[in-house]
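All remarks here apply to the structure that follows.
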Amino acid sequence: MPVSDAPLIDLRSAAFGYADRTVVSGVDLTVRAGEVVALLGPNGSGKSTLVRGLLGLTEQQGGEVRLLGVPRAELHDHTRIGYVPQRHSLSATVRATVAEIVAVGRLPHRPWWKPAGRTDRDVVAASIAAVGLADRADEEVASLSGGQQRRVLIARALAGHPDLLVMDEPTAGVDRASQDALAATLRDLAADGTSMLIVTHELDALRDVVSRIVCMDDGHLDFDGTPPQYAAHLAAHAPGAGHHHDDHHHPTRPAPVGGPFDAPREVHP
Amino acid sequence: MSEMLALDFMRQAFVAALLAGIAAPLVGTFLVQRRMSLIGDGMGHVALAGVAVGILTGSQPVLTALVAAVLAGVAIELIRASGRTSGDVALAVMFYGGIALGVVLIARSSASNPSNLTAYLFGAILTTSGGDLALLAALTVVVLVVTTVLRQRFFAVANDEEYARSAGLPVLAYNLVLAVLTAVTVVVSMRIVGLLLISALMIVPNATAQLLARSFGASVRWAVLVGVVSSVGGVAVSYEAGTPSGGTIVLIAIGLFLTVTVVTGLVGRARRAAHRRAERHDHEHGPRCGHDAVEHDDHVDYLHDGHRHAAHEGHYDEHGHHHAPEHDRPQEAGTR
């Protein structure tokens, strides 16, 4: 739990990108404790670059980034921002149980030479229970369904006792039963006061969980408001179009350049 | 066996085999996990250049090989961490440069003969000296202690490097330590297994362990067991049959892998036939699913329309009717 009432995330005209390319710029965003923020936007709009920037995985190229009240570079207690990556990062080259994966979330909390103690094991068990996988703690992760694997990754982040969970596309490619269980898990976490920043394409599955919606397009924020305001925004901007954010934001892309040996590529509308 | 053990060089060969059988699979686990199964091979190539320098300068080849392999290991990690697309080619240049230099230097040295080169490349039981053995034992202890203490951290970094980075773990440092341990293992194994076959003793026992284990911890223990059986057994067979030890060890390791593949395949099929999946339903059982939980041996079943459902892998198993003995089905052996 946050000790001060400083915002969890405080961005002032922040820019993020990779070595020679700025992907996201001019972002002002403040997330406070208790908020559940959905970050929407089409592919390539910079959502992932932004959240990866918060986590220190992409370079900060300008502006001010404060996490939990301190500049990002001075944040040493990294697990206070709990990262839940996309599922494909759960490598399946070797066997590993749910408990073994979740135990990784405890590692930053003890020095390298110290073996896991009783507290660590208790926290791991509680984190697995919190995502509803207690009866599968000793199963191999590779044998679980896609949605169950996402929940393993959530439990791993929870084991680090984060103030804020940052999730990258938690519901993408997950079957219906798992999506319900996943949404239930997120609802429980929200009810317990867990703050979350959720990158997603599918607002439907999370509609009753999120308290605020932020949209990105082409590296900038272009909407920030409550779910009802978002509905009004959609109605105003895309009459007759569907309910999905992707449906009306068409990124302008240059036509692909191809040589004589390139197969013709599909151009996004 | 007692005849073999009466020979000094055979006792030394068995100890060297035991050390290699322990060290190689311990390090190999993390290489398999990082999809770098062939990196030990490359380090072996570079180590040959180190061996050659040792022979030429009259110093201990084990020490010069260790220096060459450690330098190669650190270079590999730094090249990988730089993320350059040309990194792959840089590694190829380094590996082939190493083995080419080694072959040329060893051929030029007057103190050596062609069989010497073959022994380094493919392993020989006659080559381990008492002085080497003390050094190899010390290096094996280093590998054993470091992989035990840092096992969870190596696992974390290999399993999901990006998460490890976001959680503030020093990813590059752990990768460098692992690279140095791999180099140490190459040197520990080079006498018995040979520089061209070392990678096999790191990787093949781990492939076998993946078939036998159900958790990461168990797979490491299985891999060491399979590694020791292969290396010690290989040395014994090599003595009896007069074959090069490295090739013999690797063939035994592969034989074990194939046998285990067939047996676990058959057992898995029998288990699947013996256990029944419950019907699919659109929710997961848990404290709030509304179904009663009942204790069943070592686990909890959920009563679903009179059936007992038990979590198994990603699905539920049918554990039969509840309170209805006339319909009760025999307990399946393969379920849990």
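Among B:ASN175, B:SER189, B:THR261, flag the residue with its Cα farthest along the positive direction of the charge dipole of segment B:156-314, charges on Cβ as +1 for Lys/Arg and -1 for Asp/Glu. Sorting the options by dipole projection puts first B:SER189.
Each Cα pair under 8 Å and six or more residues apart adds its separation to the average, and for segment B:88-224 the resulting relative contact order is 27 percent. Sort segment A:9-247 into rounded, prolate or oblate with this rule: let a ≥ b ≥ c be the square roots of the eigenvalues of the Cα gyration tensor; rounded if a/c is under 1.5, and if a/c is not under 1.5, prolate when a/b is larger than b/c, oblate otherwise. Cα axes put segment A:9-247 in the oblate bin. Where only DSSP H runs of four or more residues are counted, chain B gives -23000 deg cm²/dmol as its mean residue ellipticity at 222 nm, each run worth -39500 (n - 2.57).
Sort out for me the Cα centre separation of segment A:170-195 from segment B:220-241, rounded to whole Å. Taking the Cα centre of segment B:220-241 as reference, the centre of segment A:170-195 is 49 Å away.
Shielding by partners for peptide B:211-218, expressed as the average number of C-beta atoms from other protein chains within 10 Å of each residue's C-beta, is 5. Once you order the gyration tensor axes a ≥ b ≥ c over the Cα atoms, which shape class does segment B:2-198 get: rounded for a/c under 1.5, otherwise prolate or oblate by comparing a/b with b/c? In terms of gyration-tensor shape, oblate. Equivalent-ellipsoid semi-axes for segment B:110-249 (Cα gyration tensor, √(5λ), whole Å, largest first): 31, 18, 12. In a reduced charge model with +1 at each Lys and Arg Cβ and -1 at each Asp and Glu Cβ, segment A:9-247 shows a dipole moment near 720 debye about its Cα centre. Seen from A:PRO228, the other residues with C-beta closer than 14 Å to its C-beta sum to a net charge of 0, counting Lys and Arg as +1 and Asp and Glu as -1. Reducing segment A:48-113 and segment B:141-158 to their Cα centroids gives an inter-centroid distance of 21 Å. For the pair B:ALA92 and A:ALA73, a Förster radius of 30 Å applied to the C-beta separation gives a FRET efficiency near 0.20, rounded to the nearest 0.05. Taken about its Cα centre, the protein assembly as shown carries a charge dipole of about 1800 debye when Lys and Arg each add +1 at the Cβ and Asp and Glu each add -1 at the Cβ.
Considering only beta bridges that DSSP places wholly inside the protein assembly as shown, some 65 percent are antiparallel. Between A:ASP222 and A:CYS215, A:MET216, A:ASP217, the built amide H atoms are under 5 Å apart, and every one of these is 5 or more places off in sequence or on another chain.
Charged side chains reduced to their Cβ positions (Lys and Arg at +1, Asp and Glu at -1) give segment B:197-321 a dipole of some 540 debye around its Cα centre. Entry note, segment B:2-198: relative contact order of 39 percent, from Cα contacts under 8 Å with a spacing of 6+ residues. Once you have a ≥ b ≥ c as the square roots of the Cα gyration tensor eigenvalues for segment A:133-240, tell me rounded if a/c is under 1.5, and otherwise prolate or oblate according to whether a/b is larger than b/c. Here segment A:133-240 falls in the prolate category. With the convex hull of the Cα atoms taken as the outline of the protein assembly as shown, the averaged projected area works out to 34.9 nm². Of interest is the spacing of the C-alpha centroids, which for segment B:65-111 and segment B:181-195 amounts to 15 Å. Contact order, relative form, for segment A:9-247: 28 percent (alpha carbon pairs under 8 Å, 6 or more residues apart, mean separation divided by residue count).
Bridges between two residues of segment A:9-247, per DSSP, are antiparallel at a rate of about 55%.
The numbers here are math on the coordinates, done by the rules we state, and not lab data. Owing to the predicted nature of the structure, the values given are computational and were not obtained by experimental measurement. Note that we place each Cβ from the backbone using ideal geometry, even for glycine, and neighbour counts take in every protein chain shown.
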